[in-house]
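The values are calculated or read from the model by the stated rules, or taken from the named source; none is laboratory data. Please read these numbers as outputs of a predicted model, since none were measured by experiment. Positions of Cβ are generated from backbone atoms using ideal geometry, with glycine treated the same way; all protein chains shown enter the neighbour counts. Keep in mind that these areas ignore ligands, DNA and RNA; they rest on the heavy atoms of the full protein, side chains included. Shrake-Rupley method; radii C 1.70, N 1.55, O 1.52, S 1.80 Å.
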Amino acid sequence: MLHWLEKNLIKILRRIDKPLSFEEAANLLNRDVGTVAKTVQWLREKELLEVETRTIHFVSLGPEGEAYSLEGLPERRLVDRLSDLGGVVNIEELRKSLEENIFKIGLLWAKKNGWIQIEARNSEKFIKLIYYPPETSEEKILKQLREKKTIEFESLDEDLKKACLNLKSRQSVIEIEEIKKYYIRLTEKALRIPQEELEVEEITRLTQDMLISGSWRQYRFSKFNVSAPSKPVYTGKRHPLQRLIKIVKEKFVEMGFEEIRGPVVELAFWNFDALFQPQDHPARDMHDTFYLDQPRIGQLPENLVEKIKNVHEKGGSTGSLGWRYLWKREEAEKLVLRTHTTATTIRYLAEHPDPPIKVFSVDRIYRNEKVDWKHLAEFHQIEGIVMDKGVCFRDLIGLIREFYSRLGLKDVKFRPSYFPYTEPSAEAIVYLREKNTWLELIGMGIFRPEVTQPLGVKYPVLAWGGGLERLALALYDLEDIRTFYFNDLRWIRSISNIYLEKKIGMM
Ligand code: PHE
């Protein structure tokens, strides 16, 4: 049983009907030399093929030969000069008219070739041109070598071979290199194989039987068409919103922030009271905030209760008048789904009152909203604080500007705003070039003394918090915020894995 490569190689050798080198066979078989070598080995073991070694000689120019092939052989230059000077000339005169070397070598060979004669007249020596030769075989070889660089010695006719050997005897005119080449030839046995046994069948499917019997060797497998149309393959990927979250987190980390997280079910105390948000503030209304039924209340941080009560009622020791009402712990004990991540921030600050602090969070928050194209009841906020000696409002503006610029949003403006827990307060808006509109992004400010003093925080706290989905809408060019939660696979698949990186100029 012959492998299809064996069959094809035999067929090629039969067709060409002369020994082939490995390279020639590889070319005709349309395979590499390694494959040919392997196939040759199989065929040799079956005594269908013989390999013969041939030694080939390659002729090339030596350093001297390079010069001669340009300027002519010395003997040619000598007889040329001699003929220019009239055919007979005083030897000293001829010597002076040529380079010393050329003269010497030229004289030697011209004499040897019988082109010139030296005659003595009186006491002077004369050189006489007796035969002006047409182009010699040596000259022909030099000319060919100039053009082809190398010539196979064995391919030359007898005359040129002799010329090569002549030139070889002269130092560094030409070089002859020996190379061994392998040729393959079919044996008698191979020539006797009937042609139909050399047919190669092409198959597309490999079966178990073929493997067991080894008959697979005689078939040729058709190639896969790797450009044929096929079903698209969707690789696993992060949800577009999660990808933005990941990038936002990376940006904060790049800027030296640490991530913090806090509970989703939060005490109204942290969500509102600790932030100096009065207990009758409309945001605390059931219409805005989700309150828990079960359990309804949680454990207050007792060490802070008096201080917060005091600051709400009378301003504590901040110099503020406070809200001037009766603060009730029952209101603060209530459990809510946090309405902003500032609850998490203030919790963290209460436990870490000492500078420096640089933390951020990107997390879920909940508001009692009617869901529509631009409102969700459950969404995300980007939030953070910086607390240190001497930080100021300008640092805050610079920081926010830097953050958005790292997201590719360069046109950020700031305008005054209000939050119960910051003073001064501002909000950042960003210009969306493609939509030609300004988008409100984030609220910010410096925590009021009514917020920081009860916690024992002595240095300014720069704080900010804003929507993630809004930013996502802008970056993904969407109109409806609910797109992120429809789980429409067609849309999710359509967003490339590096869409954001490209959009914000990271790639
Ligand atoms: N918590 C505010 C909001 O939900 C944002 C904010 C955070 C404002 C921190 C100022 C300081 O909109």
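Some points to look at:
- Across the chain, C-alpha contacts under 8 Å between residues 6 or more apart give a mean separation that, scaled by the residue count, equals a relative contact order of 13 percent.
- Rounded FRET efficiency, nearest 0.05, which uses the C-beta distance separating Lys149 from Val88 and R0 of 51 Å: 0.80
- Take each peptide in 454-462, 171-179, 232-240, count the other Cβ atoms within 10 Å of every residue, and average; sorted highest first, the result is 454-462, 171-179, 232-240.
- Residue-normalised accessible area of the chain, expressed per residue, 1.4 Å probe, Å²: 56 Å²
- For the range 74-129, carbon and sulfur atoms together expose 46% of the accessible surface, with a 1.4 angstrom probe and every protein chain in place.
- Rounded to the nearest 20 debye, the dipole magnitude of the chain is 220 debye, with +1 charges on Lys and Arg beta carbons, -1 on Asp and Glu beta carbons, and the Cα centre as origin.
- Among Phe58, Leu48, Leu20 - extreme Cα towards positive end, dipole of the range 1-119, charges at beta-carbon: Leu48
- Here each label is just a point 7 Å from Cα along the line to Cβ, and for Ile203 and Asp293 those points are 7.0 nm apart.
- Ordering of 32-43, 369-380 by burial proxy (mean other Cβ atoms within 10 Å per residue, highest first): 32-43, 369-380
- Using only the C-alpha atoms, the convex hull of the range 74-129 corresponds to 64 Å³ per residue.
- Per-pair calculated FRET efficiency, R0 = 45 Å: Ile56 and Asp80 via Cβ, rounded to 0.05: 0.80
- Listed residues Leu462, Ile141, Pro420: farthest to the positive end of the dipole of the chain (Cβ charges): Ile141
- Relative packing of peptides 340-350, 473-483, 65-75 - highest average C-beta neighbours within 10 Å first: 340-350, 65-75, 473-483
- FRET efficiency, Gln171 to Arg31 (Cβ-Cβ, R0 45 Å, nearest 0.05): 0.50
- Selected from Ser227, Val386, Pro263, residue furthest toward positive end of dipole (the chain; charges at beta carbon): Ser227
- Dividing the summed helix terms, -39500 (n - 2.57) for each DSSP H run of n ≥ 4, by the number of residues in the chain produces a 222 nm estimate of -11000 deg cm²/dmol to the nearest 500.
- Label sites at Ser494 and Ser317, each approximated as a point 7 angstrom past Cα along Cα to Cβ, lie 6.2 nm apart.
- Evaluated over the range 22-135, the count of Lys pairs having alpha-carbon atoms less than 27 Å apart is 13 (only pairs 8 or more residues apart or interchain).
- By definition, a body whose alpha carbon gyration tensor gives a ≥ b ≥ c is oblate when a/c is 1.5 or more and a/b is not larger than b/c, and the range 319-463 fits this oblate description.
- For the range 269-391, the square roots of the Cα gyration tensor eigenvalues, ordered a ≥ b ≥ c, give a/c of at least 1.5 with a/b no greater than b/c, which places it in the oblate category.
- Relative to the current alpha-carbon distance between Gln41 and Ile118, full extension at 0.36 nm per residue lengthens the span by 21.2 nm.
- Remark: spin-label model distance Val371-Arg185 equals 8.6 nm, labels positioned 7 Å along the Cα→Cβ axis.
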